[in-house]
Structures are given as C-alpha cells and as structure tokens.
Amino acid sequence: MKYLIKGKLYLPIKMGDPRDWHQKPDDVCHDCGATYGQYHTFGCDTEVCPCCGGQLISCDCGAIYQVNGNISKKALADLCKLQVIQTEAEDLEIKNTISRNKIKYDSKGQSGNIFFILAKVKLVMKQEGREELFKKCEERVYASSSYKEALKIINEYVQLEDVHVGKEEEAE
Ligand SMILES: [Zn+2]
Ligand SMILES: [Zn+2]
C-alpha cells in the first residue's frame with residue numbers, strides 16, 4: 001500500500017522510521033497501538049506525512065488516497081485528476097467558511113463541533129501569523145469546562161458567527 005499525495009506515490013512511514021515520531025524500540029503508538037516496525041492505522045493522529053513531514057491527518061497536502069502498490073498507470077492518472085478536484089473543492093469550502101475572517105459554524109449542526117471550529121481557527125490564525133497565540137487558545141479551549149465557555153474563549157481570538165442564530169432570525 002502506498003499513499004497518493006499531491007500526485008506522487010509515497011510509502012507510509014512506519015513506527016521507528018527515521019522520520020517517525022517514535023524512535024525507541026519499545027514505543028507503542030498511543031493512538032493506533034502500532035509497535036516498532038509496524039505501520040500506523042490510516043487516520044492515526046501520530047502518523048507522519050511522508051510528503052511534508054507534518055501530521056498526516058492535519059497537514060496541508062490536500063486530499064490523500066491509499067493506493068494499491070500495483071495500480072495501473074491509467075487508474076493512477078484518473079486518481080490524480082480526482083485528487084486535484086477534491087483538493088480544490090476542499091480549499092473552496094474552507095475559503096467559504098472563513099469569509100472575511102469571520103468563522104461560521106452551526107451550533108446545532110456538525111460544524112458546531114468544537115474541534116471543527118478549532119481547525120478553522122487554526123487556519124485563520126495561521127494566515128494572520130498568529131500561530132503561537134493559537135496554541136494558547138487551543139490550550140484554554142481544551143481546559144474549558146463547557147461548550148459555551150469554549151466558544152467564549154475562541155471568540156476572544158477570532159470572530160465567530162453562529163449560522164443557526166441567523167436561520168432563526170430569518171424565520172421570524
Ligand atoms: Zn499510530
Ligand atoms: Zn503532508
């Protein structure tokens with residue numbers, strides 16, 4: 001199995017590989033349970049991206065596909081096209097959610113999940129060069145005791161807009 005990342009094939013990084021975050025032979029991955037020399041399970045939060053060296057599940061490489069080692073050239077070419085389309089679609093979606101640096105979310109829907117919101121906050125603050133401050137924000141959100149408190153903290157750093165409230169106003 002290989003990963004198709006940005007149109008190129010890469011071997012996944014195993015536990016203990018020079019670029020893996022685990023280096024000791026007795027290390028066990030806290031997320032997927034892989035041991036030294038094994039592959040992480042796809043979606044594991046400590047797997048390193050073989051393309052950029054970042055965290056595979058959150059890096060900026062765009063859509064990532066798992067590909068069978070003996071894939072035909074034709075199938076690979078088709079997959080590359082699909083990857084470009086999917087990556088562009090995801091970029092567009094992100095830009096839409098971050099219109100004028102206001103982060104839209106739906107407090108009654110899936111986009112209201114604090115971790116979804118934090119992922120967008122990270123993008124906005126990164127664009128603004130406030131990555132260090134984001135870490136502080138993230139820490140405070142993790143330490144907060146309720147959904148409401150978490151939102152209040154995030155609001156100190158970026159402008160949040162609950163689209164659910166907007167929907168109610170329109171209905172009145
Ligand atoms: Zn793992
Ligand atoms: Zn990457």
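The values are calculated or read from the model by the stated rules, or taken from the named source; none is laboratory data. All figures in this text were calculated on a predicted structure; none of them were measured in a lab. Quick reminder, even Gly has a Cβ in these numbers, built from the backbone with ideal geometry, and neighbours come from all protein chains shown. In case anyone asks, the SASA skips ligands and DNA or RNA and just uses the protein heavy atoms, side chains included. Shrake-Rupley method; radii C 1.70, N 1.55, O 1.52, S 1.80 Å.
Kindly indicate which of 108, 152 is part of a helix (DSSP H, G or I) and basic (Lys, Arg).
Numbers: 108 fails: part of a helix (DSSP H, G or I).
None of the others qualify; the one that does is 152.
Considering each of 54, 33, 69 in turn, give the residue that is farther than 27 Å from residue 126 by Cβ, modelled with pLDDT of 90 or more and open to solvent by less than 90 Å² (accessible area, probe 1.4 Å).
33
Checking residue 43 against (1) touching a Leu at 6+ places or on another chain (Cβ under 9 Å); (2) over 28 Å from residue 121 (Cα atoms); (3) open to solvent by 30 Å² or more (accessible area, probe 1.4 Å), which single condition isn't satisfied?
(2)
One line per residue, one yes/no per condition, for (1) touching a Pro at 6+ places or on another chain (Cβ under 8 Å); (2) more than 14 Å from ligand 1 (Cβ to nearest atom); (3) not hydroxyl-bearing (Ser, Thr, Tyr):
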residue: 18; (1), (2), (3): no, yes, yes
residue: 30; (1), (2), (3): no, no, yes
residue: 43; (1), (2), (3): no, no, yes
residue: 80; (1), (2), (3): no, yes, yes
residue: 105; (1), (2), (3): no, yes, no
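Search region 6-20 for residues being assigned to a loop (DSSP other than H, G, I, E, B) and touching a residue at least 40 places away in the same chain (Cβ under 8 Å), and hand back the single one that is least open to solvent (accessible area, probe 1.4 Å).
Among those residues, the one meeting the criterion is 7.
Taking residue 23 as the residue in question, decide whether it is more than 30 Å from residue 128 (Cα to Cα), part of a loop (DSSP other than H, G, I, E, B) and within 16 Å of ligand 1 (Cβ to nearest atom).
Details: more than 30 Å from residue 128 (Cα to Cα): yes; part of a loop (DSSP other than H, G, I, E, B): yes; within 16 Å of ligand 1 (Cβ to nearest atom): yes.
For residue 23, the condition - more than 30 Å from residue 128 (Cα to Cα), part of a loop (DSSP other than H, G, I, E, B) and within 16 Å of ligand 1 (Cβ to nearest atom) - is met.
Every residue, every condition in (1) buried (at least 16 other Cβ atoms within 10 Å of the Cβ); (2) in contact with a helix residue (DSSP H, G or I) (Cβ under 6 Å, 6 or more places away or on another chain); (3) of a type in the set (A, V, I, L, M, F, W, C), yes or no:
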site: 88; (1), (2), (3): no, no, no
site: 93; (1), (2), (3): no, no, no
site: 104; (1), (2), (3): yes, yes, no
site: 125; (1), (2), (3): yes, yes, yes
site: 129; (1), (2), (3): no, no, no
site: 136; (1), (2), (3): no, no, no
site: 148; (1), (2), (3): no, no, no
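Under 8 Å by Cβ, and 6 or more places apart or on different chains, what pairs join a residue from region 105-126 that is under 14 Å from residue 159 (Cα atoms) with one that is aromatic (Phe, Trp, Tyr) and assigned to a helix (DSSP H, G or I)?
The qualifying pairs are 105/116; 121/134; 121/157; 122/134; 125/134; 125/157.
Of the conditions (1) in a loop (DSSP other than H, G, I, E, B); (2) within 30 Å of residue 121 (Cβ to Cβ); (3) within 16 Å of ligand 1 (Cβ to nearest atom), residue 62 fails just one. Which one is it?
Among (1) in a loop (DSSP other than H, G, I, E, B); (2) within 30 Å of residue 121 (Cβ to Cβ); (3) within 16 Å of ligand 1 (Cβ to nearest atom), the lone unmet condition for residue 62 is (3).
Of the conditions (1) modelled with pLDDT under 85; (2) more than 15 Å from the chain's Cα centre (by Cα); (3) under 24 Å from residue 3 (Cα atoms); (4) open to solvent by 60 Å² or more (accessible area, probe 1.4 Å), residue 84 clears all except one; give me its number.
Result: residue 84 passes all but (1).
Quick one: residue 43 ticks every box in (1) closer than 26 Å to residue 84 by Cβ; (2) small (Gly, Ala, Ser); (3) at pLDDT 95 or above except a single one, so which number is it?
(3)
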